[in-house]
Amino acid sequence: IGTTPIMREHKINTEALREINADIQKHSPHPSLVNIVAVTKTFNHTAILSAKKNSLPCIGENKVQEFLSKKEECSKVDLNIETHLIGHLQSNKTNKAVGVFNVIQTVDSLKIANKINAKAQEKNIQQKIFIQINIGKDPNKHGFMLDRVYHDIENITKLPNLKVVGLMTILPFNSDVTTTQPLFAAMKQTQNQVLQKINPDCRFLSMGMSRDYIYALKEGATHLRIGTKLYGQRT
């Protein structure tokens with residue numbers, strides 16, 4: 001007789017959360033502005049419920065369809081948690097992402113910005129976005145290159161149904177401490193330039209993950225995307 005497999009529950013490690021919060025107080029120039037984005041991708045919906053239970057402000061998901069099915073599972077609960085798309089958005093998935101996520105962090109081309117804007121216009125909403133910058137010039141990562149980004153952000157800022165609220169980056173996986181800190185510093189510098197000269201709404205900076213968030217904090221990150229440290233290794 002077949003038995004129904006018991007669903008694994010994914011819970012926040014409260015000790016790790018305390019440690020991250022202590023690091024925020026210790027290393028950030030503005031601790032009150034820092035948000036932990038609990039990266040719930042590939043975990044089931046219990047990871048989102050645990051983030052809410054632990055009063056985390058945001059969750060991060062990689063895939064639109066995966067998030068929609070978890071959202072359905074959580075439908076009986078008033079989640080009241082900010083949802084961020086942190087995975088690459090394929091243009092054919094734009095329709096599903098717009099208006100579903102509070103923030104799309106991975107706007108990595110003019111083409112995708114225009115698609116999001118058109119869909120937001122159809123839905124009569126303003127979609128919050130972050131602009132993804134490939135600060136490490138990593139051929140395996142998406143994002144705008146620094147030499148074009150100011151010009152492109154000016155154009156994206158003019159799109160009426162988008163609101164550029166921040167910048168984000170994912171560093172090359174093999175970054176070590178000697179390259180990590182300067183790249184995060186360059187991101188902060190870029191954000192300051194955008195904020196002062198192009199877009200006064202661009203107040204957020206999403207950078208830093210489980211392995212390197214302390215360096216990101218030191219350079220002024222406002223959104224830390226943390227999964228492994230909070231939930232343990234993905235199997």
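See the values below:
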quantity: Added length on full extension, which subtracts the Cα-Cα distance from 0.36 nm per residue, LEU110 to THR179; calculated: 22.0 nm
quantity: Probe 1.4 Å, accessible area per residue of the stretch 1-111, Å²; calculated: 55
quantity: Fraction of accessible area attributable to carbon and sulfur, the chain (%, probe 1.4 Å); calculated: 50
quantity: Cβ charges +1 (Lys, Arg) and -1 (Asp, Glu), total dipole of the stretch 52-117, debye; calculated: 120
quantity: Student exercise, the stretch 41-83 dipole from Lys, Arg, Asp, Glu Cβ charges, in Debye to nearest 20; calculated: 100
quantity: Computed helical MRE - 222 nm, the chain, DSSP H runs ≥ 4 contributing -39500 (n - 2.57), nearest 500; calculated: -11500 deg cm²/dmol
quantity: The chain: DSSP helices with Cα axial extent of at least 24 Å and average Kyte-Doolittle hydropathy no lower than -0.5; calculated: 177-197
quantity: Dipole of the stretch 82-235, positive end: most advanced residue of PRO182, PHE144, PHE130 [Cβ charges, Cα centre]; calculated: PHE130
quantity: Neighbourhood charge, 15 Å Cβ-Cβ cut-off, centred on GLY232 and excluding it, Lys, Arg +1 and Asp, Glu -1; calculated: +3
quantity: Bridge type composition, the chain - antiparallel percent by DSSP, nearest 5; calculated: 0
quantity: Dipole-positive endmost among VAL103, MET168, VAL34 within the chain (Cβ charges, Cα centre); calculated: VAL103
quantity: Rule-of-thumb Rg ratio for the stretch 1-113 [Cα; 2.2 N^0.38 Å; N residues]; calculated: 1.21
quantity: Computed over the stretch 16-102: relative contact order in percent, which uses C-alpha pairs under 8 Å that are six or more apart; calculated: 24
quantity: Rg(Cα) / (2.2 N^0.38 Å) computed for the stretch 68-140, rounded to two decimals; calculated: 1.20
quantity: Stokes-Einstein D for the stretch 172-235, Kirkwood Rh over Cα pairs, 37 °C, 0.692 mPa s (µm²/s); calculated: 260
quantity: Average projected area [Cα convex hull, the chain], square nanometres; calculated: 14.3
quantity: Vicinal HN-Hα couplings computed from phi for the stretch 220-225 (Karplus, 6.51 cos²θ - 1.76 cosθ + 1.60; Hz; Gly/Pro x); calculated: x, 4, 10, 10, 9, 9
quantity: Mean Cα-pair separation over length for the chain, i.e. relative contact order, pairs under 8 Å, 6 or more apart, %; calculated: 20
quantity: FRET efficiency for ASN155 and LEU33, using Cβ-Cβ distance with R0 set to 25 Å, rounded to 0.05; calculated: 0.35
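The values are calculated or read from the model by the stated rules, or taken from the named source; none is laboratory data. On a predicted model such as this, the values are computed, not experimentally measured, just so you know. Quick reminder, even Gly has a Cβ in these numbers, built from the backbone with ideal geometry, and neighbours come from all protein chains shown. Just so you know, the surface numbers come from the protein's heavy atoms only, side chains and all, with ligands and any DNA or RNA stripped out. Shrake-Rupley method; radii C 1.70, N 1.55, O 1.52, S 1.80 Å.
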